[in-house]
Amino acid sequence: MRYFSIDRTVEMIQTLHDEYGINTFVVEDDLFTVRRDRTVELCKTLRELNIPNFELQVPNALSINTLNEEVVDELCRTGMEVVNLAIESGSEYVQRHIIEKNVDLEKAKEIVKLFRDRNVITRCFFILGSPKETKEQMLESVDYARELGADWCTFNPVLPLVGTKGYQQFLDLGYIEDDPVFWSESAFGRRMFDTEEIGGEELTDLTYRANLDVNFVN
């Protein structure tokens, strides 16, 4: 993994502001905070630029396991008004043995509280329907999200993307076909095939109802 230097990053941001008046910067990086020392240094340096109404966004979501209170404070001080957090599953078993994200679910609750205590709108991402994930484990995620205390939680069915481990697993299990027809039928937010654990339409409905349950009813 190769990083731009802090100086180069800051120079690009300053140039974008000076030449085009840009003050909102969107970081398309799944692991923006993986090096905490670099994140802290970058945030401090960005604040020294004195760009009016500076805002920092990370739409791909931050990794829970890379965050602590110091990093949260630095991000909030550097114009982060909305934060996205990648939790993916509220099931300990799924975290350890299926998606292998190993998100610390108790720590996730603490991180959500840290951001909310600083008046940052906090959104959490969940994915349901990984290979061999049971319906009961999916419902664990919904229960967990209900108690999480975030401002918003999004639920989506796992979408097998070509080249990913999940795609190969679904292929090996015989649930999908490795051809352009399947690729063209895939749609974000919808499950286009059935598995032994749950039907495609049922999973799509489950994610829809989870949204209503967590974000509106509760």
For the chain, the count of lysine pairs 8 or more apart or interchain whose alpha-carbon atoms are under 17 Å apart comes to 4
Please report the carbon-and-sulfur percent of the accessible area for the stretch 13-128; probe 1.4 Å, protein heavy atoms only, DNA, RNA and ligands left out. 44 percent
Expressed in nm², what is the orientationally averaged projection area of the convex hull enclosing the Cα positions of the stretch 71-127? 3.8 nm²
Quick one: which residues, 5+ away or cross-chain, put their amide H under 5 Å from the amide H of residue 99? H built at 1.01 Å from N. none
Quotient of C-alpha Rg and 2.2 N^0.38 Å, computed over the stretch 1-76: 1.07
Going by average Cβ density within 10 Å per residue, which order do the peptides 206-213, 14-21 take, highest to lowest? 206-213, 14-21
Any idea what angle helix 135-148 forms with the longest principal axis of the chain, computed on alpha-carbon atoms, 0 to 90 degrees, nearest 10? 30 degrees
Simple label model, 7 Å out from Cα along Cβ direction - residue 121 to residue 73, nm: 2.6 nm
The chain accessible area per residue, 1.4 Å probe, protein heavy atoms, integer Å², reads 55 Å²
Please give the helix 105-117 orientation as an angle from the longest Cα principal axis of the chain, in degrees from 0 to 90, rounded to the nearest 10. 40 degrees
Given all pairs of different Cα atoms, what value in angstroms does the Kirkwood hydrodynamic radius of the chain take? 18.9 Å
Dipole in debye (nearest 20) - the stretch 72-167, about Cα centre, beta carbon charges: Lys, Arg +1; Asp, Glu -1: 200 debye
Around residue 80: net Lys/Arg minus Asp/Glu count, Cβ-Cβ under 11 Å: -2
Backbone HN-Hα couplings from phi across the stretch 87-94 [Karplus 6.51/-1.76/1.60, Hz, Gly and Pro as x]: 9, 6, 9, x, 9, 4, 5, 4
Which whole-number percent is the relative contact order of the stretch 142-218 (Cα, under 8 Å, 6+ apart)? 40 percent
At the level of C-alpha centres, the distance separating the stretch 3-61 and the stretch 137-156, in angstrom, is 30 Å
Count charges around residue 23 for me, please; just the other residues with Cβ under 14 Å from its Cβ, Lys/Arg as +1, Asp/Glu as -1. -3
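The values are calculated or read from the model by the stated rules, or taken from the named source; none is laboratory data. This structure is a prediction, so every number in the text was calculated from the model and none was measured. Cβ sites come from the backbone with ideal geometry, for glycine too, and all protein chains shown count toward neighbours. In case anyone asks, the SASA skips ligands and DNA or RNA and just uses the protein heavy atoms, side chains included. Shrake-Rupley method; radii C 1.70, N 1.55, O 1.52, S 1.80 Å.
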